[in-house]
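I have placed the structure first, in the form of structure tokens, so that the comments after it can refer back to it.
The values are calculated or read from the model by the stated rules, or taken from the named source; none is laboratory data. The structure displayed is predicted, hence computed values, not measured ones. Cβ placement follows ideal geometry from the backbone for every residue including glycine, while neighbour counts extend to all protein chains displayed.
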Amino acid sequence: MVKIISQESDCELREKQILRRGEAMVNPFDLKTALLAKHAQHVVLIHFPIGLFLAAVAFDLIALRTKRRGFADAAYYNLLAAAISTFPVLATGLLAWQFQLEGQKLKGILLLHLILACVSSVLIWLVWWVHFRARRGTVFLPNYRFAVEFLGVGIVALTGHLGAFLSGVNLPS
């Protein structure tokens, strides 16, 4: 019985700590705070190239299986949007490093995250370029593109995983 009571009080203590943290939170609908935060833009923008690239790979696989041009078009335009969106994501990531760490030397997970982010961007652009060449009619879509696409998916996933650690999402509670 005593053990259960102490566990309940620990639970209550945790709830109070969470509530205290909630009182200190800023208004999520305050545009000034959201747009001018030192690192928030990268955290928000990063989901676009990730989602668009993964959707493009899925559409490319569906296009291969069904032989429907609409899926191939969807893959191409998703790749184009993913590639273009890598520029603001890389820029805001570098700005977050400058603002949060004041330009300190990169090391550890942050350095690996930056390197993999650059590799991910290059792979996204490479996959788009392969599709672009095929759309111009100069070459057919090569089968090796799937190896590059799957490599890109893996690198993007690893980069996102490391980014989650940097943001504090994957830290132990």
Complete set of residues in the stretch 93-128 that are modelled with pLDDT of 90 or more and of a type in the set (S, T, N, Q): SER120, SER121
Close pairs from the stretch 96-111: first in contact (Cβ under 8 Å) with a residue 40 or more places away in the chain, partner in a loop (DSSP other than H, G, I, E, B), Cβ under 8 Å, at least 6 apart: ALA96/LYS38; ALA96/HIS39; PHE99/LYS38; PHE99/HIS39; GLN100/LYS38; GLN100/HIS39
Top-ranked residue in the stretch 15-68 [being among the polar types (S, T, N, Q) and at pLDDT below 90; ranked as surrounded by the most Cβ atoms within 10 Å (Cβ to Cβ)]: GLN41
Residue that is surrounded by the fewest Cβ atoms within 10 Å (Cβ to Cβ), among those in the stretch 69-95 that are β-branched (Val, Ile, Thr) and over 30 Å from PHE140 (Cα atoms): THR92
Flag if VAL139 is of a type in the set (Val, Ile, Thr) and loosely packed, with under 15 Cβ neighbours inside 10 Å: yes
Output for the stretch 132-152, where each listed residue is in a helix (DSSP H, G or I), out of contact with any helix residue (DSSP H, G or I) (no Cβ under 7 Å at 6 or more places or on another chain) and under 20 Å from ASP73 (Cβ atoms): PHE132, ARG133, ALA134, PHE146
